[in-house]
Each structure stands twice: as structure tokens, then as C-alpha cells.
Amino acid sequence: MTTALITHADCLRHETPEGHPEQVARLEHILHALESLDLKRVSAPMAAEDDILRIHPIDHLRNLRSAHPQQGYAQIDGDTFMSPGSLDAAFRAAGAAVRAVDMVLSGEVQNAFAAIRPPGHHAETETAMGFCFFGNAALAAKHALDHHGLSRVAVVDFDVHHGNGTQDLLWDEPRALFITSQQMPLWPGSGRVDEDGTHGQILNMPLPPDSGSDAMRAAYESQAFPRLRAFKPELIIISAGFDAHRDDPLASLNWSTADFAWLTGELCTLAEELCAGRIVSTLEGGYDLNALAQATRAHVEELMKAAQ
């Protein structure tokens, strides 16, 4: 078995204003870092409109299409911009998540990493925000549940910012366990422990600034891993944000590259125990270019080890 790398050149055509942290260079650095690895390289398809409608209403699509510029930039909110290439990139990102689920559940690959942008975990049901347009991880979960007929899917989000969009999209979904660690206080301000979903299927693990490796590992070992074992998912989806890295300019959890490798390795071990090793990972944040590239490579190398 092997690990799939799913991406598309359209994701490089989503442009943001000069100085914006969610920039084209993020994906360029990642692809360069992964260039020498022996991965099954797959071109991300466009998500079908029906895929998007699994999680977002038609008005959300209409609003994005209406805002989409023919030239220059359209500002969706204080920090979310669209360029002429943005909508195609967003459909490719969503399509990569769907394709990753299809490949892993069919047994074509052991696990998959979607190297995509724009990211997705801040996109709420009817609101594009936080650099995100479609909820890629939530879409992957719903596709696995509704299209492939799985009974239980877990989403684990270790981005430094709370996955408010994924939480919103899965709030009423009893078949999906959502586990998320995030720095608190920090934008977007959600992610309290009492935000636990309609069915108690959401686990928020807020971490204080400068808490570092020990607090993260303790939270996952005492809370996240037992919840995963109790839930017994048939697939684990990772929202892989690398902005908890100590070099990232937007936050201060101070994780190391080794921390991302450790966490990925532990999730791979759990996946082997619980769901035949089936993991889909999709890129979220990470804004120091070198730290992002190093941590992403460490993440993918752990997926590759688990696929051997």
C-alpha cells in the first residue's frame, strides 16, 4: 500500500493581496518539500456541485459565484479575499478531499494527503471566512458517511485556530466525532469545552498560549485518544494545520516539527487499531514558509511509514 498526494495547479492560482499570510508560496514550499518522496501523485478533480451541497446550501454557492471577480480582488470579510482563480481552486480543494476519501475507502491507497488551498476549516454552513470557502474536512466526512455508507467517521483538527466551520457543519451529525485542539484565546474566539455538539460528539481542547509540547501531548493522550478508541471510527480525517509551530507568526503554542511527527504517528497507530489504517489528511493553516514545509514533510513521512 502507499500514500496518495492529491493536489492541482489551480490551487496555485488562488491569489491574495501582497503581504497576506495565506499566499501562493505556501503550497509552492510544500510541494517542493514533498518532491523527493515516493508518493502516488494524483490530480485533484473539481468537486461536483452536489458534493458541495452535502454541507453548504445553494445560496452559499450563489453568493460566492456572485462575489467572484473577473480581475483584481473581491474582499469577502476582513481577511478573506477572492481572485479570478479562487473559485476553481476552492472546487479543486473540495474535490481533493472527496477523491482522497474515495481512494482510501476503495483500498487503492492506505492513506492520502490533500495538498490544497484555500483551506477549509473556518468555512461555516453559509459563511466564507478565515481564508476558507468550503468546509473540506467536513465534506470528506459527509462523503464517507452518505456516499460510502460508513457509520462512524472521526475528524481530528490540530490547526492552531479553532475549526469553527467544521464544528458548525458537523454540529448536528451524530455519526461524526470532531476533536479539535486550538490556542485560546485566539481568533476566531470559539472552541470552549462546553461547545460539545447536539449529541455530545464534539471535543474541544483549548490550549493556553506558550503551553508547548507537554500540554499538547497530555491533552491528546488523556482526552483525544480515549475518545477515538471509544467511538471506533471507520475512517479518520485530519485537518492538518501547521500554524501551532513555534516559528509561526500568527500564534504562540510553540510546537516543534517533532511534535507534528509524534501526533501524526500516534493517529496512524490508532487508525491501524481502529479502522484498518484508513486516514485522509487535508491541509489547513501554517504561515511560516520554512516551518510549514518542514512540518508538512514530517506529517507526510509518518503517513508513508504507516502505509508500508
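Quick note: the coordinates plus some simple rules give every number you see, no bench work behind them. Just so we're clear, the structure is a prediction, and the values are computed from it rather than from any experiment. Note: ideal-geometry Cβ built from the backbone for every residue, glycine included; neighbour counts use all protein chains shown.
Legend: calculated FRET efficiency, residue 58 to residue 151, from the Cβ-Cβ distance at R0 = 30 Å, rounded to 0.05, equals 0.60. Sequence-distant contacts, meaning Cα pairs under 8 Å at least 6 residues apart, place the relative contact order of region 3-307 at 19 percent. Around the amide H of residue 124, modelled in the peptide plane, lie the amide H atoms of 129, all under 5 Å away and 5 or more residues distant in sequence or on another chain. Taking 0.36 nm per residue of separation and subtracting the Cα-Cα distance, full extension of the segment from residue 2 to residue 252 would add 86.6 nm. Judged by the ratio a/c of the largest to the smallest principal axis of the C-alpha gyration tensor, the chain counts as rounded, that ratio being less than 1.5.
Net charge near residue 2, counting Lys/Arg +1 and Asp/Glu -1 over other residues with Cβ under 12 Å of its Cβ? Computed value for this residue: +1. Provide the percentage of antiparallel DSSP beta bridges, counting only those with both residues in the chain; round to the nearest 5. Counting DSSP beta bridges with both partners in the chain, the antiparallel share is about 10 percent. Within straight-line reach of residue 305, meaning a Cα separation under 21 Å, sit the following lysines at least 8 residues removed in sequence or on another chain: 40.
Here is what passes the span test in the chain: the DSSP H helices with alpha carbon length of 24 Å or more along the helix axis and a Kyte-Doolittle mean of 0.0 or above are 86-106, 257-275, 289-307. What the phi angles of region 247-254 give under the Karplus curve with 6.51, -1.76 and 1.60, with θ = phi - 60°, is a coupling list of 8, 6, x, 9, 7, 8, 7, 6 Hz, glycine and proline written as x. Would you grab the residues whose amide H sits under 5 Å from the one on residue 238? Only those 5+ places off in sequence or on another chain, please, with H modelled 1.01 Å from N. Under 5 Å from the amide H of residue 238 lie the amide H atoms of 156, 280, 281, 282, each far enough along the sequence or on another chain.
For region 156-164, putting each phi into the Karplus relation 6.51 cos²θ - 1.76 cosθ + 1.60 with θ = phi - 60° gives couplings of 10, 10, 10, 4, 5, 9, 4, x, 4 Hz, in residue order, rounded to whole numbers and with x for Gly and Pro. Among residues other than residue 144 with Cβ under 14 Å from its Cβ, the summed charge is +1 (Lys and Arg +1, Asp and Glu -1). Taking the Cβ of residue 56 as the center, what net charge do the other residues with Cβ under 13 Å away carry, scoring Lys and Arg +1 and Asp and Glu -1? Here the count lands on -3. Available extension along the chain between residue 37 and residue 13 is 6.2 nm, counting 0.36 nm per residue and deducting the alpha carbon span.
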